[in-house]
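Any read-out appearing in this document is the output of simple, stated calculations on the displayed coordinates, not a laboratory observation. All of these numbers come straight from a predicted model, not from anything done at the bench. Note: ideal-geometry Cβ built from the backbone for every residue, glycine included; neighbour counts use all protein chains shown.
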Amino acid sequence: MYLPGFRRFRSFLSGSAIAGLCLFSVSALGTADGISTLKKVQQRGDLNCGVFPDDPGRSAINSEGHWQGFYVDFCKGVAAAVLHNPDYVRYIEVGAKSRFTSLIENKTDVVMYSSTWTLGREYNYAVNFPAIYLFDGQGFIVRKSSGIQSLEDLEGKTVCATENTTSYQNLADMLKGRDINAKVVSSNGDSFFRGSCDAYTADRMNLATNRANRATNPDDYLILPESISREPIGPKVRNNDPQWERIVRAVVHAVILAEEKGITAQNTDQILKHSRDAETLNLLGVRGNIGKQLGLDNQWAYRVIQAIGNYGEIYNRHFGPDTPIGMERGLNQLWSKGGVLFAPPFK
């Protein structure tokens, strides 16, 4: 099977995907028409950013008609870097399948979604994951009244999981590995909260978001303490444009480094004026040539941080203790504070 401008690639059925879905792998050296994604975005004047709709905290339209959320902020960050304005974003609603196909069909330039980075997905869908913006793990949510306290208590119960996700296969593997006889229902969190199953499994941030937004009384529900997988979550781009991949990666790492260096949306100008830290000056474009290497100007990261803040500001604004989701940062703390979050050196 062939897509214009791409090398010929093989179409095959994946045993881990739903029946009948064709998945693709492509090895390409350039964009389909020879024009880079960066140039297309700049010529168009808008970033086509894929997000999941109606997911408050992660991506949703607020009461004022504006998109907001953790993933939305990263859309804005990329727009600030390449278009000099965080508002130059066209939000494209995507789902479990179209978060991948929208890229290959050129409907999106980047997808900001709760997608787990796996080697198989990169191969099967011809996408790359430039960076990780959330370190998560798969968990389970139950009703407190169910008496379910551990995974072993799922024996004889029904468990909802969304198809075409890593969670679905992880659930099947876990039940088989632990010899737990539970019925798997192909459905999402809404079905769980309507009472269609005894438990729902997904990434823990997904569960906390669902509990905050879809439960009539969030206090009636418990997220079990066990995690059955590691889930590195990141943005997705097509795998045929290394420059664009580097730009998206740089935006994620810029806000992580900004937090480490104590740079916030409010103090950027003060830091810019007084800092003598070499890496800070590289980040803010005072010295070095990182912007040129990316195909951008020297102030790209300065605009990103001013527009959306550092990583801690983004996380706390949407997921932190003062939000309905109320998730501790855990692994998403900086490496210097007990987490695993860090950016490569900006040199």
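Considering only DSSP states other than H, G, I, E and B, which chymotrypsin sites (Phe, Trp or Tyr not before Pro) in the stretch 277-347 qualify as loop sites with at most 16 other Cβ atoms within 10 Å?
Taking the stretch 277-347 and a limit of 16 other Cβ atoms within 10 Å, the loop chymotrypsin sites (Phe, Trp or Tyr not before Pro) found are PHE342.
The lysines whose alpha-carbon is closer than 24 Å to the alpha-carbon of LYS144, local same-chain residues fewer than 8 away aside, are LYS157, LYS183. What residues from the stretch 111-136 fall in the zone where the backbone N is under 15 Å from a label point 7 Å along the Cα-to-C-beta line of ARG90? Label zone hits: 111.
Label point of GLU152 set 7 angstrom out along Cα-Cβ; within the stretch 172-189, amide nitrogens under 13 Å from it belong to 178-180.
Between SER227 and ARG44, the distance separating the two model label sites (each 7 Å from Cα on the Cα→Cβ line) works out to 3.4 nm. Please give the helix 204-214 orientation as an angle from the longest Cα principal axis of the chain, in degrees from 0 to 90, rounded to the nearest 10. It is inclined by approximately 80 degrees. When the Cα positions of LEU134, GLY295, GLY77 are compared along the charge dipole of the chain, GLY295 comes out farthest toward the positive end, with charges on each C-beta of Lys, Arg, Asp and Glu.
Inter-label distance, ARG178 to LYS337: 3.2 nm, where each label sits 7 Å from its Cα along the C-beta direction. When only the Cβ of Lys, Arg, Asp and Glu is charged (+1, +1, -1, -1), the dipole of the chain relative to its Cα centre reaches about 980 debye. Projecting the Cα atoms of TYR221, LEU207, GLN243 onto the charge dipole of the stretch 198-245 (Cβ charges, centred on the Cα centre) puts GLN243 farthest toward the positive pole. Build a GNM of the chain with springs between Cα atoms under 10 Å apart, and of PRO321, PRO86, PRO130 the one that fluctuates most is PRO321. Kirkwood's formula applied to the C-alpha pairs of the chain gives a hydrodynamic radius of 21.2 angstrom.
The calculated FRET efficiency for ASP322 paired with ASN106, based on their beta-carbon distance and R0 = 35 Å, is about 0.35.
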